[in-house]
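Engineer: Mind looking over this structure? Questions follow.
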Amino acid sequence: MLKACRFGCRCTLVTLGLTIAATASAQITKAPTAASWAELAKLPDFGGVWEVTRGPAPAAGTRPAPPEQPSLTPKYAEMLKAYRAHPPQDSVAANCVPPGMPGVMGQPYPLEFIISPGKVTIIAEAYMQVRHIYTDGRPHPEDPDLTFNGHSIGKWEKDTLVVDTVGFSKATSLGAGINHSEKMHIVERMRLTAPDNLEIVTTIDDAEALTKPFTRTANFARHRDWTTAEYICQENNRNSVDESGKAGINLTR
């Protein structure tokens, strides 16, 4: 206790340091053992480079059903209405800001899955984004940092990887002008429907921004002979911002 310390400030700092160390140690990834590597062989083969596809073609004479759209609460519907009335400049592309979740999983660029003991790593070619999905049993932090891709934990349910993600930066969105709150929560169910087809069913809920959860399904084709390329957005970026902050293509570069 503070009153029992001879040097109260120093004792408080030491106590705080021990608390932080204890919290950090609970999330230290253990060194993989031969047994943990052997366990990977029992899991579905998600490894390799994948590209989002349009999915199976609709039956003859029919049209594919449009994807479900977010059902917004009145506050967030007004925000979308204001956005559409006065669309801002496309400073996201101009400044090379990545889309983050959930947009990163639907871009027309390859995704590489790397499976290792206690973690699944997804590397997106676009903006060279990286997602860490911890499968070692750790929980989410009580107060996660708000990041573009959020904090992801996963578990295997037979042939399906279930990924639970929270803690998103409000700089990300659900679409043009469709905002979310800090309460957004995303669950992805990933499974192979064929040796080289990966289905990801994504459910998004947000008690503040959405009147109900909504779900989307995407299919990915594996390209066993592909590798991901280096993607440095700022190099040769023509969608730049001028002195006034206005975005636009600069053809003089």
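The values are calculated or read from the model by the stated rules, or taken from the named source; none is laboratory data. Since this is a predicted model, take the numbers as computed values, not measurements. Glycine gets a Cβ as well: all are built from the backbone with ideal geometry, and neighbour counts include every protein chain shown.
Engineer: Looking at the structure I just gave you, is Gly103 in contact with a Leu (Cβ under 9 Å, 6 or more places away or on another chain) and not charged (D, E, K, R)?
Structural biologist: In short, yes.
Engineer: How many residues are part of a loop (DSSP other than H, G, I, E, B) and free of Cβ contacts under 8 Å to residues at least 40 places away in the same chain if we restrict to region 155-179?
Structural biologist: Adding up the residues that qualify gives 3.
Engineer: Moving to a separate point now. Considering region 118-136 alone, what residues qualify as being out of contact with any Lys or Arg (no Cβ under 8 Å at 6 or more places or on another chain), outside any strand (DSSP E or B) and modelled with pLDDT of 95 or more?
Structural biologist: Selection gives Glu125 alone.
Matching residues to (1) at pLDDT below 90; (2) assigned to a strand (DSSP E or B):
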site	(1), (2)
Arg84	no, no
Pro88	yes, no
Val104	no, no
Tyr109	no, no
Ile114	no, yes
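Engineer: Looking at region 20-40, is at least one residue closer than 25 Å to His185 by Cα, modelled with pLDDT of 80 or more, of a type in the set (S, T, N, Q) and assigned to a loop (DSSP other than H, G, I, E, B)?
Structural biologist: no
Engineer: Quick one: in region 99-147, which of the residues that are free of Cβ contacts under 8 Å to residues at least 24 places away in the same chain and acidic (Asp, Glu) is surrounded by the most Cβ atoms within 10 Å (Cβ to Cβ)?
Structural biologist: Looking at the filtered set, the residue picked out is Asp145.
Engineer: Of all residues in region 203-249, count the ones that are modelled with pLDDT under 90, surrounded by 13 or more Cβ atoms within 10 Å (Cβ to Cβ) and not in a strand (DSSP E or B).
Structural biologist: Counting residues in region 203-249 that are modelled with pLDDT under 90, surrounded by 13 or more Cβ atoms within 10 Å (Cβ to Cβ) and not in a strand (DSSP E or B) gives 2.
Engineer: In region 65-81, what count of residues is obtained for those that are farther than 11 Å from Leu210 by Cβ and assigned to a strand (DSSP E or B)?
Structural biologist: Within region 65-81, residues that are farther than 11 Å from Leu210 by Cβ and assigned to a strand (DSSP E or B) number 0.
Engineer: Note down all Cβ pairs under 6 Å where the first residue falls in region 185-199 and is closer than 29 Å to Lys170 by Cβ and in contact (Cβ under 8 Å) with a residue 12 or more places away in the chain, the second is of a type in the set (Ser, Thr, Tyr) and surrounded by fewer than 18 Cβ atoms within 10 Å (Cβ to Cβ), and they're at least six residues apart or on different chains.
Structural biologist: Val187/Thr203; Arg189/Thr160
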